[in-house]
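Read the structure below first, then the notes.
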Amino acid sequence: MSKREKRAAPAATAFVIHVEPKSRSERSPRDADERLAEAVGLAAAIGLGVVETRIAPLSRPTPATLIGSGKVAEIAADAKRLEPELIIVNAQLSPVQQRNLEKAWDAKVLDRTALILEIFGARAATREGRLQVELAHLTYQRSRLVRSWTHLERQRGGFGFLGGPGETQIEADRRLIGDRIVKIKRELEGVKRTRALGRQARQKVPFPVVALVGYTNAGKSTLFNRLTKSDVVAKDLLFATLDPTMRGLKLPHGAKVILSDTVGFIADLPTELVAAFRATLEEVLAADVIAHVRDAAHDESEAQKADVLKVLAELGVPEDRATIEILNKIDLLAVEVRAGLLTGNDRGKQAVAVSALTGEGLPALLGRLEADVSHDNISLDLSLEVSDGAGLAWVYRHAEVVRRRERAGRIALSLRISPQNAARFQNRFPGKIKPIQLRV
């Protein structure tokens, strides 16, 4: 087959089934149709062609197959007619349930965890990301070694679900997987130490860190690119960003911060992924300010907010951590609704409305960021000779210059700096700084 023919090959087909417990549908604000749509989006994120969808109401879980025998038979008939290569069940399946459904439907079955792991595997671009995904995959797969892999053989190696387990997983047993898990954890401990050293290095040039968090596809990377003039991958796909990125950002009055773009969260995020990505998500724990980006135009925006807050709590983020709520994608809202949200920006309301795509509301957001990262700043006065160009340039790099006056060959500066920077200024300009007082 030529390269052109390979590129033109059709995507794998999938039948997506969302399992909706009746108890949840009665009390949850999240609609079953939205949950199904999200599952379809997850499938699209790895290029699957969805040929059929179904919502399966669930009164009581069936130990053998999760859903009832009547629904299993109904889906089996549709699967025989449609012949999908994959059947995706948007729920958590036990190894026994997965095996029984594969037999009943004569097709490969992925549950929600396996599908998200597959997406993460496709997105990971760095060695760290690959290690984290492999750790999550092996942790998930360790309990499923009783399955028969004969129908999942493939030519390519590595790990994943869509093509089967690969040569390593076919030959592996619990002991080998356990050894590999220990090795990966050891390597990720090295990553953790490296990140800690990086944070220590940033403390020597102590700029506050602002971490962007939010539900997947809320527009974090688009906002990150807009603010920092970067080119991080930003697509209308779930989990378009996996490996975290950091860039410097200068705020309106000269203050500087480090902006961090992180992996998106999602409802029912697999525990294997939360554990595996803890080294990466520690950047969120260490942030001075957490900026929670929400898709204001999404019907399930409030439910998504609850999911993000739940993950942050699981990570151990303190409730008193400074947090800014950003209502993104207001360009998709009705004109009058958008105008009302932007008016809220002017009135200093808690949430800041923006459009990362058009730039609306960004000045208010930058002002809010500056207010949050500088509220503990201290004020000081510094006098320099006009000829001290190097010293003046250093000041402008490391402080917010509130006022500047020149007289008799000297420059009088009124500055605001972070408390962590006070000793550096004293060392850089001994005897030239007036007594430091807390800013009121």
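The values are calculated or read from the model by the stated rules, or taken from the named source; none is laboratory data. Computed from a predicted model, the values in this text were never measured in an experiment. Counting neighbours? That spans all protein chains shown, and the Cβs are built from the backbone with ideal geometry, glycine included.
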Taking the stated definitions as given, is R60 surrounded by fewer than 14 Cβ atoms within 10 Å (Cβ to Cβ), outside the structural domain of D268 (by TED's automatic domain parsing), in a loop (DSSP other than H, G, I, E, B) and at pLDDT 90 or above?
yes
Can you name the residue in the range 303-322 that is aliphatic (A, V, I, L, M) and part of a helix (DSSP H, G or I) and, of all such residues, is farthest from D31 (Cα to Cα)?
L315
Of the residues A77, A37, only one is surrounded by fewer than 17 Cβ atoms within 10 Å (Cβ to Cβ), outside the structural domain of A303 (by TED's automatic domain parsing) and within 19 Å of A104 (Cα to Cα); which?
A77
Out of the residues in the range 343-367 that are surrounded by 20 or more Cβ atoms within 10 Å (Cβ to Cβ) and of a type outside the set (A, V, I, L, M), which is farthest from N421 (Cα to Cα)?
S355
For the range 315-327: of the residues being surrounded by fewer than 18 Cβ atoms within 10 Å (Cβ to Cβ) and touching a helix residue (DSSP H, G or I) at 6+ places or on another chain (Cβ under 7 Å), which is modelled with the highest pLDDT?
G316
I'm trying to understand the selection: among the residues of the range 251-281, which are touching a Lys or Arg at 6+ places or on another chain (Cβ under 6 Å), modelled with pLDDT of 75 or more and not charged (D, E, K, R)?
L259
Looking at the structure I just gave you, is E52 under 24 Å from the mean Cα position of the chain (by Cα) and farther than 30 Å from R186 by Cα?
no
Tell me, which residue of the range 302-314 that is among the hydrophobic types (A, V, I, L, M, F, W, C) and within 13 Å of the chain's Cα centre (by Cα) is surrounded by the most Cβ atoms within 10 Å (Cβ to Cβ)?
V308
